[in-house]
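The values are calculated or read from the model by the stated rules, or taken from the named source; none is laboratory data. Remember, it's a predicted structure, so these values are computed and weren't measured experimentally. Ideal geometry is used to build each Cβ from the backbone, glycine not excepted, and the neighbour counts take in all protein chains shown.
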């Protein structure tokens, strides 16, 4: 148990550095104001609430959608992803990461929650 928690912390810490942010533990994590994608700095304007923090950590630091693997697989097998559908896109965090991995794809992001659409 302890070893897996240490491994998760190190993984999150290292992935956070890729995006130009710091991670010293979930308890202390705050949504960053800026994030780095492909050597470009992107400003984020997200509420610093638990659900958004959890989503951010899952998508960017844990790579729950296995986008790194998909990117490497498609590149290795010369597959070009032309269209991506993101249903339940929340605040668009997954779409942002998808854009950084698949820059030539058309991304359709839909979010039915009217409260989130305001963000």
Members of region 22-44 found to be farther than 18 Å from residue 98 by Cα and either touching a strand residue (DSSP E or B) at 6+ places or on another chain (Cβ under 6 Å) or in contact (Cβ under 8 Å) with a residue 24 or more places away in the chain (or both), listed by number
23, 26, 29, 31
Looking only at region 60-71, decide whether some residue is modelled with pLDDT of 95 or more and farther than 24 Å from residue 104 by Cβ.
yes
So which residues in region 1-20 are surrounded by 12 or more Cβ atoms within 10 Å (Cβ to Cβ), without any contact (Cβ under 8 Å) to a residue 24 or more places away in the chain and not in a helix (DSSP H, G or I)?
20
For the structure I just gave you, tell me whether residue 19 is modelled with pLDDT under 90 and either within 25 Å of residue 88 (Cα to Cα) or touching a helix residue (DSSP H, G or I) at 6+ places or on another chain (Cβ under 9 Å) (or both).
no
Over region 86-98, the set of residues in contact with a strand residue (DSSP E or B) (Cβ under 6 Å, 6 or more places away or on another chain), over 14 Å from residue 52 (Cα atoms) and touching a residue at least 24 places away in the same chain (Cβ under 8 Å) is 86, 98
In region 23-52, what residues are exposed (fewer than 12 other Cβ atoms within 10 Å of the Cβ) and touching a helix residue (DSSP H, G or I) at 6+ places or on another chain (Cβ under 8 Å)?
24, 25, 30, 38
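Just checking, does region 55-73 include any residue being closer than 24 Å to residue 9 by Cα and over 16 Å from the mean Cα position of the chain (by Cα)? Before the answer, list the steps.
Of region 55-73, the ones closer than 24 Å to residue 9 by Cα are 55-72.
Now restrict to residues that are over 16 Å from the mean Cα position of the chain (by Cα): 72.
Yes, region 55-73 has at least one match.
Can you go through 78, 90 and tell me which one is at positive phi and buried (at least 16 other Cβ atoms within 10 Å of the Cβ)?
Working: 78 fails: buried (at least 16 other Cβ atoms within 10 Å of the Cβ).
Only one candidate passes the filter, namely 90.
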